[in-house]
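The values are calculated or read from the model by the stated rules, or taken from the named source; none is laboratory data. Remember, it's a predicted structure, so these values are computed and weren't measured experimentally. We place every Cβ from the backbone using ideal geometry, glycine too, and count neighbours over all the protein chains shown. What goes into the accessible areas is simple: the full protein's heavy atoms, side chains included, and nothing from ligands, DNA or RNA. Shrake-Rupley method; radii C 1.70, N 1.55, O 1.52, S 1.80 Å.
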Amino acid sequence: MVDRASNELVTTEDKAHTYEGLSSADIHGIVSVTGHSNCTDHERRHQFGATKATVDQVEHFGAVGKIVLTEESCYEELGFCFPTWKKWMVISVIFLVQLSMNFNTSLYSNGLTGISEEFGVSMQAARCGAMIFLVTYAFGCELWAPWSEELGRKPILQLSMLLVNIWQLPVALAPNFATIMVGRALGGLSLAGGSVTLGMVADMWDADTQQYAVACVVFSSVAGSVVGPLVGGFVEEYLGWRWTIWIQLIFGGFVQIVHLLVVPETRTTIMLGQIAKERRKNGENVYGPYEIIPWKERFSLKEICITWIRPFKMFVTEPIVLTLSLLSGFSDALIFMFIQSFGLVYDQWGFDTVALGLSFIPILVGYLIAWLSFYPVIQRNMAERRRKPDDEQAQYESRLWWLLYTVPFLPIGLIGFAWTSVGPPVHWMGTMVFSAMVGIANCSIYMTTIDYMVCAYGPYAASATGGNGFARDILAGILTIPATPFFENIGGDRHLEYASTILFCISVVLVVSVYAIYWYGPALRKRSPFAQQLSSSQMEGYSHSRRASAIMPRSKLGSRRNSLTYH
């Protein structure tokens, strides 16, 4: 496959293509709209790295006798030059798309009692529907990513949402529990998730300006998991369990229609093909980068497997990816454990179903506080990068700076929640203050770990962040099942308190790792073959980013290489 990883937010996969063996006639026949056809054979080989060229450079070469459009030749028509209002209109719809996806993961839990009673299964068995959805969601994100890069963001998101909505039907109409399990499994597998939505941010912003948009998408992702139980409390109280599925379908269908009508294609390689088709109608002999590549080469089984395997390989072999993904995954899993355990905690104060749903508001407030806090932090970080262009700590690890102050809220929130959940006469407000702290930490962890991995791993950031997303979903899914027994059976009379205390102890170890990566990140990156490939590419002057800044006038067009060297 060619150019298969722009869901990595900033970069294009560094797939090398060999030009060794090209004859002089072949080289002279290769035409580019960027003017390289006037170079000598020696100059061409020198400019494009002797016998190898990245995908970015393959766009210049094209095929013999054909002019291939590049970003430089028509960048004003591409996603990163959309007007600001249009970019944020797209992000607003993507906000709803991501909210809908994560809404589907949590609302199901409000139908557990009804499912258990109607089909005669235990509550633990009914929770398997929540678990299987999250586990298959973890794999679904990785499976969809390559296709959004080959076929475009819009058709893949449309197909994903359509399949998710279709698989809601057998669950809503289920005659038995097995149908629910199958429908939930296929629904989770159909979710494209952040692997595509975050990729759309990369289509419209570069590394130095994308953080605001990333923060928006991250907020929608974490908030969706909490909006589910907020709505679910009312659904469980006043409607049957099947309405938890029908509401998912109604929301999902509405979002799909809005996305279809409002959001344009943003994937650069696909847009180049669309532009080329329009220009051919006007008599120009131009082609998009994918139009000159045979389908069998683009969709090679070997390349697909390499793309799918890399996130899992990096998750296991890269200390930075493993540590930050476990921290992010553990933090996210807590939210889904809370969904299962809040009933036990607030039952002590006599909360009814609606009040129990509303008890998730503090977590949402925590998310909102964290999200808003990032806006001045991003400004500070951008200024520091401009001030210290040669300082690795400023360019990379400074993106974790705010996490040093917010990540302690995770263990503080857990231990505080543990020993305020003792029931009356202690007031329930104490537990909510500490659950808001957990929300602040969770949102901060997700935002900063994604931002740091994108920066540290460059062309392999898709795989690095893929490992992060995989850890979040898989841990959340696996821990959904043992959550309730865990909170019910540990520590005798103080089982709720001791269970949360155990989680506190685990979180302390993971929190310490954040400070270790902040201080020893440069050493860890030097030992990483993936991160070092980015560094060598920068030293050689190659860029894996877009070539032209959206704010530069055409007279100043050229490479982004100088401005993005240190990303």
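Points to keep in mind about this one:
- Unique match (being under 20 Å from the mean Cα position of the chain (by Cα) and farther than 24 Å from Tyr75 by Cα) among Gly232, Gly183, Gly199, Gly224: Gly224
- Criterion violated by Ser160 - all others in (1) assigned to a helix (DSSP H, G or I); (2) open to solvent by 20 Å² or more (accessible area, probe 1.4 Å); (3) free of Cβ contacts under 8 Å to residues at least 40 places away in the same chain satisfied: (2)
- If you go through segment 137-150 and keep only what is of a type outside the set (Gly, Ala, Ser) and more than 16 Å from Gly79 (Cα to Cα), you end up with Tyr137, Phe139, Cys141, Glu142, Leu143, Trp144, Pro146, Trp147, Glu150.
- Of the residues making up segment 410-430, those that are in contact (Cβ under 8 Å) with a residue 40 or more places away in the chain, open to solvent by less than 80 Å² (accessible area, probe 1.4 Å), assigned to a helix (DSSP H, G or I) and of a type outside the set (Val, Ile, Thr) are Leu410, Pro411, Leu414, Phe417, Ala418.
- Pair list, Cβ under 8 Å, 6 or more apart: segment 96-120 residue closer than 30 Å to His259 by Cα, other residue open to solvent by 20 Å² or more (accessible area, probe 1.4 Å) and in a loop (DSSP other than H, G, I, E, B): Asn110/Trp241; Gly111/Trp241; Gly111/Arg242
- Some residue of segment 188-210 being open to solvent by 30 Å² or more (accessible area, probe 1.4 Å), in a helix (DSSP H, G or I) and not hydroxyl-bearing (Ser, Thr, Tyr): yes
- Out of Ser513, Ser444, sole residue that is assigned to a helix (DSSP H, G or I), small (Gly, Ala, Ser), open to solvent by 10 Å² or more (accessible area, probe 1.4 Å) and within 29 Å of Trp402 (Cβ to Cβ): Ser513
- Candidates Gly253, Gly240, filtered to the one that is surrounded by fewer than 21 Cβ atoms within 10 Å (Cβ to Cβ), at pLDDT 80 or above and in a helix (DSSP H, G or I): Gly253
- The residue that is modelled with the lowest pLDDT, counting only those in segment 291-306 that are in a helix (DSSP H, G or I) and either among the aliphatic types (A, V, I, L, M) or in contact with a helix residue (DSSP H, G or I) (Cβ under 8 Å, 6 or more places away or on another chain) (or both), is Arg298.
- Residues in segment 115-138 that are open to solvent by 30 Å² or more (accessible area, probe 1.4 Å) and charged (D, E, K, R): 2 in all.
Let's see how each residue does on (1) within 15 Å of Met432 (Cα to Cα); (2) surrounded by fewer than 23 Cβ atoms within 10 Å (Cβ to Cβ); (3) in contact with a Pro (Cβ under 9 Å, 6 or more places away or on another chain):
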{"residue": "Leu327", "(1), (2), (3)": "no, no, no"}
{"residue": "Ser331", "(1), (2), (3)": "no, no, no"}
{"residue": "Phe342", "(1), (2), (3)": "yes, yes, yes"}
{"residue": "Trp349", "(1), (2), (3)": "yes, yes, yes"}
{"residue": "Ala355", "(1), (2), (3)": "yes, yes, no"}
{"residue": "Leu372", "(1), (2), (3)": "no, yes, no"}
{"residue": "Tyr375", "(1), (2), (3)": "no, yes, no"}
{"residue": "Met382", "(1), (2), (3)": "no, yes, no"}
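- Yes/no for Ala25 being part of a loop (DSSP other than H, G, I, E, B), open to solvent by 20 Å² or more (accessible area, probe 1.4 Å) and modelled with pLDDT under 80: no
- Of the set (1) of a type outside the set (Gly, Ala, Ser); (2) open to solvent by 10 Å² or more (accessible area, probe 1.4 Å); (3) under 19 Å from Ile250 (Cα atoms), all apply to Cys141 but (3).
- The numbered conditions (1) crowded, with 23+ Cβ neighbours inside 10 Å; (2) polar (S, T, N, Q); (3) modelled with pLDDT of 85 or more are all true for Ser106 except (3).
- When segment 260-300 is limited to residues that are basic (Lys, Arg) and over 25 Å from the mean Cα position of the chain (by Cα), the one that is least open to solvent (accessible area, probe 1.4 Å) turns out to be Arg279.
- Only residues that are more than 20 Å from Leu162 (Cβ to Cβ) and either among the β-branched types (Val, Ile, Thr) or crowded, with 23+ Cβ neighbours inside 10 Å (or both) were counted in segment 81-103, giving 2.
- Any chance Ile378 is under 15 Å from Cys455 (Cβ atoms), of a type in the set (Val, Ile, Thr) and at pLDDT 80 or above: yes
- Just one of the numbered conditions (1) of a type outside the set (Gly, Ala, Ser); (2) surrounded by fewer than 23 Cβ atoms within 10 Å (Cβ to Cβ); (3) over 30 Å from Glu117 (Cα atoms) is not true of Val222: (2).
- Taken as a whole, the structure leaves Ile502 outside the set of residues that are crowded, with 17+ Cβ neighbours inside 10 Å and modelled with pLDDT of 70 or more.
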